[in-house]
Amino acid sequence: MPTSGFTTGDPRAVVTGPAGPAPAAGTDAAARAVAAGGSTSALTATTILICDARPVFRAGLRAILGERDITAECSAATAVDNVQALRPSILVAGLRDDDPETFRVVATAKALQDDLRVLVVADGATVIDLREAVIAGVDSFLLTSAAAEELRDAVARTARGERIISPSIAMQLAGSWRNEPRETGASALTPRELEVLQLLAEGLTNQQVGMRLGLSARTVKTHVQNLLVKLDVPDRTGAVARAFRLGLIR
């Protein structure tokens with residue numbers, strides 16, 4: 001089912017890596033090839049850079065994908081530098097709730113390497129997440145609940161130029177769209193949404209808003225999503241700007 005520029009992948013396909021010995025642990029074969037003026041494509045058909053701040057998450061991806069094609073792993077803080085140095089064919093990035101840094105990293109990395117493919121593996125997804133993913137240049141989007149075979153299939157197909165979204169995200173987003181508020185305009189904002197809007201204007205993240213109001217980050221995301229729909233704006237910045245113009249916040 002097409003969703004926001006993505007197409008649902010088939011998790012049944014079996015993906016195998018290219019033949020050849022695995023690089024020794026801790027080596028940067030791709031980096032050495034680039035430094036020598038060579039091409040990473042000569043080393044392997046698909047080179048993977050794993051990006052996430054959580055070591056356990058990276059270890060899980062490494063175990064599922066296998067060591068052979070993984071060029072390196074890093075946090076979001078060093079992802080752009082690693083993309084420049086290693087020129088991987090695909091960036092597999094983790095996305096936690098309330099983690100805007102991932103999409104900024106993706107947008108910067110794609111600007112530096114036109115042929116870079118990006119697969120995001122997220123703890124959850126909302127309409128806002130998918131909108132931001134498309135704007136940043138994400139090619140494929142899966143949930144961490146995806147089966148190992150679905151992840152391997154998505155990596156292989158994303159590297160070939162396809163766009164994949166897991167069926168569970170498609171169903172979740174369909175439910176979100178059905179539940180979008182029917183009333184729009186400033187008068188349709190609830191007292192809670194106005195509270196969230198005021199805190200967004202103060203520069204708080206979803207997590208900080210949740211802590212201030214005693215809400216989960218997921219609930220705050222839902223409120224933000226409703227704000228975007230009711231105010232007819234594409235993002236949080238637009239919502240705050242429109243709220244100031246309408247005198248909804250000070």
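Looking only at the stretch 132-150, which residues are small (Gly, Ala, Ser), touching a Ser or Thr at 6+ places or on another chain (Cβ under 9 Å) and assigned to a loop (DSSP other than H, G, I, E, B)?
Of everything in the stretch 132-150, those that are small (Gly, Ala, Ser), touching a Ser or Thr at 6+ places or on another chain (Cβ under 9 Å) and assigned to a loop (DSSP other than H, G, I, E, B) turn out to be Ser145, Ala146.
Note on the stretch 212-235: residues that are without any contact (Cβ under 8 Å) to a residue 12 or more places away in the chain and farther than 20 Å from Thr126 by Cα amount to 1. When each of Asp129, Asp114, Asp81, Asp153 is tested for being out of contact with any Lys or Arg (no Cβ under 6 Å at 6 or more places or on another chain), part of a loop (DSSP other than H, G, I, E, B) and not assigned by TED's automatic domain parsing to the domain that holds Gln207, the lone residue that passes is Asp114.
Surrounded by 19 or more Cβ atoms within 10 Å (Cβ to Cβ), over 15 Å from the mean Cα position of the chain (by Cα), modelled with pLDDT under 50 and assigned by TED's automatic domain parsing to the domain that holds Glu162: is that true of Thr44 in this structure? Answer is yes for this residue. Among residues of the stretch 231-250 being under 23 Å from the mean Cα position of the chain (by Cα) and assigned to a helix (DSSP H, G or I), the one that is surrounded by the most Cβ atoms within 10 Å (Cβ to Cβ) is Ala239.
Looking at Asp153, Asp139, Asp114, just one residue is at pLDDT 85 or above, surrounded by 16 or more Cβ atoms within 10 Å (Cβ to Cβ) and either out of contact with any Leu (no Cβ under 9 Å at 6 or more places or on another chain) or closer than 29 Å to Gln208 by Cβ (or both), and that residue is Asp153.
Elements of the type helices (runs of 4 or more DSSP H) sitting completely within the stretch 166-230 and holding at least 2 residues that are at pLDDT below 90: these cover 167-178, 206-213.
The values are calculated or read from the model by the stated rules, or taken from the named source; none is laboratory data. Model, not experiment: these values are computed from the prediction. Here the Cβ is made from the backbone with ideal geometry for all residues, glycine too, and neighbour counts use every protein chain on show.
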